Amino acid sequence: MLKRVFSYAFLTIAAIISFFPFLWMIISSTNKSVDVTKGRLLPGSYFLENLSNLLETVDLVPALMNSAKISITTTILSLLIASLAGYGFEIYQSKAKDMVFNFLLLSMMIPFAALMVPLFRMFGSISQTAPFIGIDTFAAVILPTVTTAFLIFFFRQSTKMFPKDILEAGRIDGLTEIGCFFRIYVPTMKTTYSAAAIITFMASWNSYLWPLVVLQSPENQTIPLLISVLGSSYSPDFGVIMTAIVIATLPAAFIFFIMQKQFVAGMMGSVK
Amino acid sequence: MITVKTKQNIQPMHSTRSLRMKNTAIGWSFIAIATVLICLFYFYPMVQALIMSMQSGTGTNLTFVGLDNYARLLQDPTFLTTVKNTVIYLIIQVPIMIILALFISVLLNDKTLKLKGVFRTAIFLPCVTSLVAYSVIFKYLFGQDGIINIFLLKLSIISEPIQWLTDPFWAKVAIIVAITWRWTGYNMIFYLSALQNIDHSIYEAAKMDGASPFQIFFKITIPLLKPIILFTSITSTIGTLQLFDEVMNITQGGPGNATITISQYIYNLSFKYTPDFGYAATVSYAIVIMIVIFSIFQFKVAGDKNA
Amino acid sequence: MKKVLALFLVSILFLAACSSGSSKDTSGETKDSNEITVWAWDPNFNIKAMNLAKDAYKSDNPDLEIKIIENAQDDIIQKLNTSLSSGTTKGLPNIVLIEDYRAQSFLQAYPDMFHELTGTFNSDDFAQYKIAPTSVDGKNYGLPFDTGVSGLYVRTDYLEQAGYTVEDLQNMDWKKYIEIGKKVKEATGKHMLTQDPNDLGLIRMMIQSAGSWYLKDDGKTPNLAGNEALKVAFETYKEILDADLVKPISDWSQFLAGFNSGDVATVPTGNWITPSIKAEASQAGKWAVVAHPRLPGVPESVNASNLGGSSWYVLNVPGKEDAADFLAKTFGSNVEFYQTINKEIGAIGTFKPAADGEAYQAGDDFFGGQKIIADFAAWTEQIPQINYGLHTYAIEDILAVEAQNYIKGKDLDKALEDAQKQAEAQVK
């Protein structure tokens, strides 16, 4: 019983600390700029005014759509590519593949800033021959970020906990190798996929540096770029900025809320 | 290179030679797309960055200087400061965060716990909060007359407001608090997903045998989670060694370089100062080398058999 | 395996669909047509001025389409550097706004990428201190735009409580400022100013008032050890801190909050802060602007200085002639246009012939009817001309460290010598 009380107390404190800045952000979106800079903690009545100012100054809806297109495509492709690879590295393990795996891990270790100029040069030359994946296209934003060693690593580590004997059962039932992957592995690893989807969607939704340099036209702007523009002024309207941020944060929070329902204890037991 | 010692190869039991060949081919095809794309979008630019790290000059006026940049690195007081700061963050922050995330996940994995969804979402929220909001909020929380100081003063824990962001020591503390706040929920996700993959009957059996919660945690949960613990500690190490957002947005590396990180120095060399992309690439490779060393160390510590 | 391939192909198709949807109106080399693009920051100031210029130009040249794109300043710097250093001109704008402190970095790092503007405007028409940062080897590359002429914004009500009038603050030096500051603190309990330890803007203003800078006239050699103006500036800075006149802050929003919430009695900064000061309408009539204090004991120091300010540059990409013509006929020569931007947005250019217009002589009720534009224009004329050179921000980061050491008790000469050594290693 004591353990129970402790659990609730600890989690409540952690949740409050975690939630407080988020709450502050929401409160700020209802205040006018001068009050936001003064750190006012009470809700105000300026939300609608902030919202209408926001919609007047920037094209919020197209930017949300752009971000959604990029993030959804990136998430689907990333999950597919990385889980295939993570599965391949672990299930069909061999010395040579381990070497390749370790080699791929190296790609995580370099800061992205160092790759930006060469990557930009690469997409600059692609633009000459294939403008549809060149600079200022969504493809140029998605392609370099769609395969990450990070996610492959995560899938591989998770696969280590996957009960491999059920694959054998599948094979005996006449499933092909790829059939085993889609019919057995994917459904069993639902929570792993949920976690990966949350993380990938969020990273893509918030990604800033590469979209910033590669997307030139205002029509192609994503949400983080738009928020950055809102702060370009010498006297930025912080109420409007906070309103934009609240709107920008909701989709990622929503995705999490939907996906976290997958985290039900004892999942594996039910599969067996 | 990092070496992962392997479990015995998993091969179908009655495999003929041709079947094995076929399986090898299938195995490689699973990893083909990922490998090709990573080579194209990471290794090709990485090689170019390596070449650039042997050049020096402003903007496009680059000349080949061989290893001069690497020699300059070792005598560059700013670089040495950035390494020192980054390692401090790494050593103090990563263990705190990993343990905290693990602990919270285990609490949240309790089947009978109520309001799980609410707790999980609240704890995860910091890492979806936009950086812009994050920086404004943190500067308020840690401001001289910010909420944290008001709180501490009210409770009489301190008698004078702490200069959180303008004092070299406290600024580091503020950064560590900020990273922990933002990334604990993120790491929690990996643990939660892994905990779901543990067969619950193992716990039931242990309880039957009269194991205490502590025994269960250390004897069952930790060993079973080892692959993911290794994963989170390596990725957190990488994240911390490449730390940029928090410092850039909260202290800009100040006061007087007290909180500056290696990645921020790369940013400054590329964009804030007259651009020197050659030297910036050299600093980037210094990060790569450090991460490789730390990662090998972590793989080794995590041990052979089940990692 | 087929299934995977199919899925992969579908995804690629999806990708293609996404990208084709977005690239249709941007499809590549539209630069040859009559369209030019402009990158700038701050919607209330630079962007508005550009829009007014577009309107002014349009009546005579209806064929040229001018597209103005708003970006944050840091974003422009990153985009420009990445594009220019990779040698990719695709997506670059025709005209870009660059801060004067950074101009030489761009001009010298990417020598062939900027279009020379010499001869498209008369450089004698502009405040002379703007010419050095915008030219290389006597050739003009930038068209000077706004002035960062600085002034000391003061709260007249706080001064009164301490027994001072605005007259007492005219043409004073920093010693007197500190003396007044102590009295104001005593009488009102308010700090005199806010300071961010990462931002040495105050030091920059102090040394420019004496015609000195972090670098020697060549724009490359660090000028820290033995720089008398810099030394006095640091001593003054420390005195201000020691007298407890400073409310420490750590970012822009706190800087704005400092004066908007009435926490500080003065704001020494560039004139571009005026709209932010006026944002707190309840403080109307309580503010005045006086000339920037000069450095005590430095004979060269005048009561005028500068903080920030930026200029327009034309990139060497198709459309450059149109872009240069557009700039020349608006920002480069149009007196009437300068009257308009002054009336509409309070922008003070550095185009001298504009200063005689009636808009510059208007009083501002927020500042008790003071003719602040005329005052700023007069101070602009006195700003000492210096070459900001290549490494302003690199050296400032080094100095910020030594400034901290000095404040904590390190000997000043030693601190500046150490900074000099580091700077020489950094910018060689």
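The values are calculated or read from the model by the stated rules, or taken from the named source; none is laboratory data. This one's a predicted model, so the numbers in the text were calculated from it and none came from an experiment. Positions of Cβ are generated from backbone atoms using ideal geometry, with glycine treated the same way; all protein chains shown enter the neighbour counts. All accessible areas refer to the heavy atoms of the entire protein, side chains included, with ligands and DNA or RNA removed. Shrake-Rupley method; radii C 1.70, N 1.55, O 1.52, S 1.80 Å.
Based on Cβ point charges of +1 for Lys and Arg and -1 for Asp and Glu, what charge dipole magnitude is obtained for region A:64-222 about its Cα centre, in debye rounded to the nearest 20? Let's see the in-between values first.
Numbers: 10 positive and 8 negative charges, 36 e Å.
With only Lys, Arg, Asp and Glu charged at Cβ, the dipole is about 180 debye.
Run the numbers on chain B and let me know its relative contact order in percent, using alpha-carbon pairs under 8 Å that are six or more apart. Provide the component values of the computation, followed by the final result.
Values: 313 pairs, mean separation 96.0, N = 307.
About 31 percent, as a whole number.
With a length cut of 20 Å (Cα positions projected on each helix's long axis) and a Kyte-Doolittle mean of at least 1.0, go through chain B and give me the DSSP H helices that pass. Please list the in-between numbers first.
Values: long enough: B:17-38 (31 Å, 0.87); B:77-108 (45 Å, 1.92); B:168-196 (42 Å, 0.82); B:222-241 (27 Å, 1.43); B:277-302 (37 Å, 1.80).
Sorted by number, the helices that extend far enough and score high enough are B:77-108, B:222-241, B:277-302.
Let me spell out the model: positive unit charges on the Cβ of Lys and Arg, negative unit charges on the Cβ of Asp and Glu, origin at the Cα centre of chain A. What dipole size does that give, in debye rounded to 20? Walk me through the numbers on the way to the answer.
On the way: 17 positive and 13 negative charges, 190 e Å.
In debye, rounded to 20, chain A gives about 920.
What is the angle, in °, between the Cα long axis of helix C:46-58 and the longest principal axis of the Cα atoms in chain C? Nearest 10 is fine, range 0 to 90.
In chain C, helix C:46-58 runs at an angle near 50 degrees to the longest axis.
Rounded to the nearest percent, how much of the accessible area of region C:102-144 (1.4 Å probe, protein heavy atoms only) is carbon and sulfur?
42
Take A:VAL5 and C:ASP124, extend 7 Å from each Cα along the Cα→Cβ direction, and tell me the distance between the two endpoints in nm.
Here the answer is 8.9 nm between the modelled labels.
Just tell me how shielded C:276-286 is by partners: mean number of partner chain Cβ atoms within 10 Å of each residue's Cβ, no decimals. List each step's numbers first, then the result.
Details: counts 4, 1, 1, 6, 1, 1, 1, 0, 0, 0, 0.
What the average comes to for C:276-286 is 1.
Arrange the residues C:ARG294, C:ARG155, B:ARG72 by how much accessible surface each exposes, largest first, with a 1.4 angstrom probe.
On the way: C:ARG294 80, C:ARG155 10, B:ARG72 30 Å².
Correct descending sequence by accessible area is C:ARG294, B:ARG72, C:ARG155.
Defining a contact as two alpha carbons under 8 Å apart and six or more residues distant in sequence, what relative contact order in percent does region C:182-270 show?
Details: 92 pairs, mean separation 41.2, N = 89.
Once divided by the residue count of region C:182-270, the mean separation gives 46 percent.
Using the basic label-point model (7 angstrom from Cα toward the beta carbon), what is the B:LEU80 to A:ILE172 distance in nanometres?
Result for the modelled spin labels: 6.6 nm.
Express in Å², to the nearest 10, the accessible area of C:TYR360 obtained by rolling a 1.4 Å probe over the protein heavy atoms while all chains stay in place.
Using a 1.4 Å probe on the heavy atoms, I get roughly 10 Å².
Using only protein heavy atoms and a 1.4 Å probe, how much accessible area in total is buried between B and C, to the nearest 100 Å²?
Numbers: alone 18810 and 18850 Å², together 34750 Å².
In total, chains B and C hide about 2900 Å² from solvent.
Just the number please: accessible area per residue for the protein assembly as shown, 1.4 Å probe, all protein chains included, in Å².
Working: 37920 Å² over 1007 residues.
Roughly 38 Å² per residue, with all protein chains present.
Taking both sides together, what accessible area is buried at the A/B interface, probe 1.4 Å, expressed in Å² and rounded to the nearest 100?
Values: alone 16160 and 18810 Å², together 25870 Å².
For chain A against chain B, roughly 9100 Å² becomes buried.
For helix A:238-259, report the angle its Cα long axis makes with the longest principal axis of the Cα atoms of chain A; keep it between 0 and 90° and round to the nearest 10°.
Around 20 degrees separate the two axes.
How many angstrom lie between the C-alpha centres of region A:204-256 and region B:166-238?
32
Classify chain A: rounded, prolate or oblate, from the alpha-carbon gyration tensor (a ≥ b ≥ c, eigenvalue square roots; a/c under 1.5 rounded; otherwise prolate if a/b is larger than b/c)? Intermediate results must be reported in sequence, preceding the final value.
On the way: a/c = 2.52, a/b = 1.35, b/c = 1.87.
Oblate, because a/c is 1.5 or more while a/b does not exceed b/c.
At a 10 angstrom cut-off on C-beta neighbours, averaged per residue, how do the peptides A:142-149, C:420-427 rank from highest to lowest? Don't skip to the answer; put the middle values down first.
Numbers: A:142-149: 23.5, C:420-427: 19.0.
Top of the packing list down: A:142-149, C:420-427.
May I ask for the distance between the Cα centers of region A:76-150 and region C:87-117, given as a whole number of Å?
31
From other protein chains only, count the Cβ atoms within 10 Å of every residue's Cβ in B:43-51, then give the mean.
Values: counts 6, 4, 13, 7, 1, 8, 9, 3, 1.
The per-residue average across the peptide is 6.
Per-residue Cβ counts within 10 Å, from other chains only, averaged over A:145-154: what number is that?
Per-residue shielding by partner chains comes out at 5.
What quantity of accessible surface, computed with a 1.4 Å probe and excluding non-protein components, is buried in total between chains A and C, in Å² to the nearest 100?
What A and C bury together is about 4100 Å².
In region B:76-302, with Lys and Arg counted as +1 and Asp and Glu as -1 at Cβ, which of these residues, B:PRO213, B:ILE266, B:TRP183, has the Cα nearest the positive end of the dipole, that is, farthest along it?
It is B:PRO213, whose Cα lies furthest towards the positive end.
Rounded to whole Å, give me the distance from the Cα center of region B:69-103 to that of region C:373-427.
Spelled out, the Cα-based centre of one part sits 29 Å from the other.
Ignoring ligands and nucleic acids, what accessible area does A:VAL34 show with a 1.4 Å probe (Å², nearest 10)?
20
Leaving ligands, DNA and RNA out of it, report the carbon-plus-sulfur percent of the accessible area of region A:64-222 at a 1.4 Å probe.
On the way: 3070 of 4400 Å².
Its accessible area is 70 percent carbon and sulfur atoms.
If you filter region A:151-184 for trypsin sites (Lys or Arg not before Pro), then keep DSSP loop positions with at most 15 other Cβ within 10 Å, what is left?
A:LYS164
To test your reading of the geometry: what angle, between 0 and 90 degrees and rounded to tens, separates the Cα axis of helix A:2-28 from the longest principal axis of chain A?
Taking the Cα atoms of chain A, the angle to A:2-28 is about 50 degrees.
If you keep only loop residues by DSSP, which GluC sites (Glu not before Pro) in region C:261-342 have at most 13 other Cβ atoms within 10 Å of their Cβ?
Details: sites: C:GLU280, C:GLU300, C:GLU321, C:GLU336; in loops: C:GLU280, C:GLU300.
Those that pass, being in a loop and sparsely packed, are C:GLU300.
Just in region C:354-416: which trypsin sites (Lys or Arg not before Pro) are loop by DSSP and have at most 12 other Cβ atoms within 10 Å? Mind showing how you got there, number by number?
Numbers: sites: C:LYS371, C:LYS408, C:LYS410, C:LYS414; in loops: C:LYS371, C:LYS408, C:LYS410.
When the trypsin sites (Lys or Arg not before Pro) of region C:354-416 are filtered for loop state and at most 12 Cβ neighbours within 10 Å, C:LYS408 remain.
If you roll a 1.4 angstrom probe over the protein chains with everything in place, what fraction of the accessible area of region B:76-302 belongs to carbon and sulfur, to the nearest %?
Values: 5690 of 7920 Å².
About 72 percent, which is the carbon plus sulfur part of the accessible surface.
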